[in-house]
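**Q** Here it is, the structure, as structure tokens.
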Ligand SMILES: COc1cc(C[n+]2ccc3cc(OS(N)(=O)=O)ccc3c2)cc(OC)c1OC
Ligand SMILES: [Zn+2]
């Protein structure tokens, strides 16, 4: 199975997932000076007020909070999107030290972590699975985390991590609204890309926020208490460095909101 180690990590994924060498892979290094400012790109709107979080779980690659996506109660819309996309889950990627851990980089600079809010096009497709294989099926909002003071709301997630320490563990996680994890400014870069983990489907409209949020090293350190491995697995494998490095931009254009 795939992972982030030497043998099963990102450089080996192409063997089982040949699309890893495709033309619209993610993440990428975003170069602000080369992004095209596009006046037709309006603001994005995050309508999360009626969102319903369900559970938090450890899937052996990250910690994931899933939402009820049976109707349009929580959606992202506007910006490069032709219609609303439904929030399905969010998860994080992080490193073992503060200078790397994000998946996207900005002019070669990495952040300590990156939050992905995964949405799917329920107008055109019947299920997440179907959308996940369509070129306009998913919209993932990427938010950079940098180190500084404690984030005032992140404790709501880090306080629950001890309950999902091992791969395959899950627990109720109701009443969490990810709006509290957004930066004050929603200016963004956008480009066409892929899932950053296997199956690496080239089905993602990426929206990466320019402004990062600030979390403390103590808070991020709590994520490193998670394990890649299951409770019964002999070898303990601390969950860290679960990020894919930037992929070739190929013929793509990165656009910038105003
Ligand atoms: C619920 O069924 C699925 C769950 C998942 C779970 N999943 C796997 C990998 C993912 C990678 C993601 O990539 S990222 N890091 O770019 O956000 C986002 C959501 C993901 C969700 C994937 C599927 O097919 C792609 C599924 O349909 C079979
Ligand atoms: Zn991700």
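**Q** So what's the projected area for the chain, the Cα convex hull averaged over all directions, in nm²?
**A** Convex hull of Cα atoms, orientation-averaged projection: 13.0 nm².
**Q** Relative to the present Cα-Cα distance, how much length would full extension add between residue 187 and residue 11 at 0.36 nm per residue of separation?
**A** 60.2 nm
**Q** What is the Cα centroid distance between region 149-217 and region 21-59, reported in whole angstrom?
**A** Cα centroid of region 149-217 versus Cα centroid of region 21-59: 11 Å apart.
**Q** Grab the DSSP H runs of the chain that are 4 residues or longer, score each as -39,500 (n - 2.57), total them, divide by all residues and round the 222 nm result to the nearest 500 deg cm²/dmol.
**A** Rounded to the nearest 500, it is -1500 deg cm²/dmol.
**Q** Quick one: P(r) of region 166-258 from all Cα-Cα pairs, 10 Å bins, percents rounded to integers, in order of increasing distance.
**A** Taking every Cα pair in region 166-258, the percentages come to 12, 27, 40, 19, 3, 0.
**Q** Packing-wise, with mean Cβ within 10 Å as the measure, how do 40-50, 194-204 rank, highest first?
**A** Final packing ranking: 194-204, 40-50.
**Q** If you rank 251, 129 by fewest surrounding Cβ atoms within 10 Å, what's the result?
**A** 251, 129
**Q** Moving on. With an 8 Å Cα cut-off and a minimum separation of 6 or more residues, compute the relative contact order for region 1-118 in percent.
**A** 21 percent
**Q** For residue 165 and residue 70 in one chain, what is 0.36 nm times their gap in residues minus the Cα-Cα distance, to one decimal in nm?
**A** Full extension of this stretch gives 31.4 nm more.
**Q** Which ordering of 191, 85, 162 is given by a fewest-first count of other beta-carbon atoms within 10 Å?
**A** Exposure proxy ranking, most exposed first: 162, 191, 85.
**Q** Say a paramagnetic label sat at a point 7 Å from the Cα of residue 133, along Cα to Cβ; which residues of region 196-226 have their backbone N under 20 Å from it?
**A** It comes to 196-205, nothing else.
**Q** Compute the relative contact order of the chain as a whole-number percentage, counting only Cα pairs closer than 8 Å that sit 6 or more residues apart in sequence.
**A** The value is 27 percent.
**Q** Could I ask something else about it? Using the beta-carbon distance between residue 177 and residue 36 and R0 = 25 Å, what value does 1/(1 + (r/R0)^6) give for FRET efficiency, to the nearest 0.05?
**A** Here the calculated transfer efficiency is 0.15.
**Q** If the elastic network links every pair of Cα atoms under 10 Å, which of 148, 137, 193 fluctuates the most in the Gaussian network model of the chain?
**A** Judging by the Gaussian network model, the answer is 148.
**Q** Taking the simple approach of a point 7 Å from Cα along Cα-to-Cβ for both residue 50 and residue 124, what is their distance in nm?
**A** A separation of 2.5 nm, rounded to one decimal place.
Taken together, the values in this text are just the output of simple stated rules run on the coordinates, not laboratory data. Please read all numbers here as calculations on a predicted model, not as lab measurements. Don't worry about glycine lacking a Cβ; one is built from the backbone with ideal geometry, like all the others, and counts go over all protein chains shown.
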